[in-house]
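Step one of this worksheet: look at the structure below.
The values are calculated or read from the model by the stated rules, or taken from the named source; none is laboratory data. Values in this document were obtained by computation on a predicted structure and should not be read as measured data. Here the Cβ is made from the backbone with ideal geometry for all residues, glycine too, and neighbour counts use every protein chain on show. Just the protein is used for accessible areas: all its heavy atoms, side chains included, with ligands, DNA and RNA removed. Shrake-Rupley method; radii C 1.70, N 1.55, O 1.52, S 1.80 Å.
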Amino acid sequence: LPLRKDYRCLEPRSSLPASQGYFCGVDAKFNFFTSENELIAANYEARQADYLAGQAKASSQRSAFEERRMAALLASKTLAVAAGSGAGASDANVVGILNQIYMEGAYRSQLALYEGEEKARSYNVAAESRRLSGKSASSAALAEGASAGRASVTNQNSTILSGATSFASKYGDLFGRS
């Protein structure tokens with residue numbers, strides 16, 4: 001991992017105050033865990049969207065079946081009414097009406113399937129988008145953590161030099177310098 005080098009800040013250092021020796025890499029470590037959590041959350045949301053896509057397809061298949069069934073029932077009722085009125089099943093008007101009923105049923109069935117496929121497609125796009133945004137956020141958090149780790153190391157070095165300079169200016173004459 002690119003942040004592994006920043007974990008050296010988490011080790012105690014006797015020459016530094018505890019606040020700087022132990023915690024200079026906390027931002028880096030926090031961002032590592034934040035990036036992992038973001039990636040986990042993104043993958044979870046993507047799996048949910050994938051599940052919803054499957055449900056949309058299944059629901060549309062059930063709706064399509066129901067449309068075909070309703071068309072068959074209507075055609076059966078139409079045929080029964082035609083037979084009750086004395087018209088035959090092979091009468092041109094009856095055949096035309098039955099043909100329209102079956103065509104409308106097929107159209108509605110295909111429309112239900114299309115709507116389900118379209119809804120599933122949008123869920124699949126959302127899932128892929130969430131996966132990509134999770135990866136992007138994870139990478140950004142890792143990069144931010146790495147830069148925070150480098151900044152804290154630089155801050156430590158600056159604090160050490162500042163302390164040494166202050167020490168030298170106050171007590172330099174004890175060592176033969178004035």
Of residues in segment 54-95 being of a type in the set (Lys, Arg) and surrounded by 13 or more Cβ atoms within 10 Å (Cβ to Cβ), the one farthest from residue 123 (Cα to Cα)
68
Could you please tell me which pairs satisfy a Cβ distance under 6 Å, a separation of 6+ or placement on different chains, a first residue in segment 105-129 that is closer than 20 Å to residue 69 by Cα, and a second residue that is aliphatic (A, V, I, L, M)?
105/71; 109/64; 112/64; 113/64; 116/56
Conditions: (1) modelled with pLDDT under 90; (2) surrounded by 15 or more Cβ atoms within 10 Å (Cβ to Cβ); (3) farther than 30 Å from residue 135 by Cα. Residue 34 meets all but one. Number of the miss?
(3)
Among the residues of segment 96-127, which ones are β-branched (Val, Ile, Thr) and open to solvent by 70 Å² or more (accessible area, probe 1.4 Å)?
97, 125
Per the list (1) more than 29 Å from residue 113 (Cβ to Cβ); (2) part of a helix (DSSP H, G or I), residue check on residue 50 breaks on (1)
Given the condition at pLDDT below 85, hydrophobic (A, V, I, L, M, F, W, C), under 42 Å from the mean Cα position of the chain (by Cα) and under 30 Å from residue 132 (Cβ atoms), answer yes or no: does some residue in segment 16-29 qualify?
yes
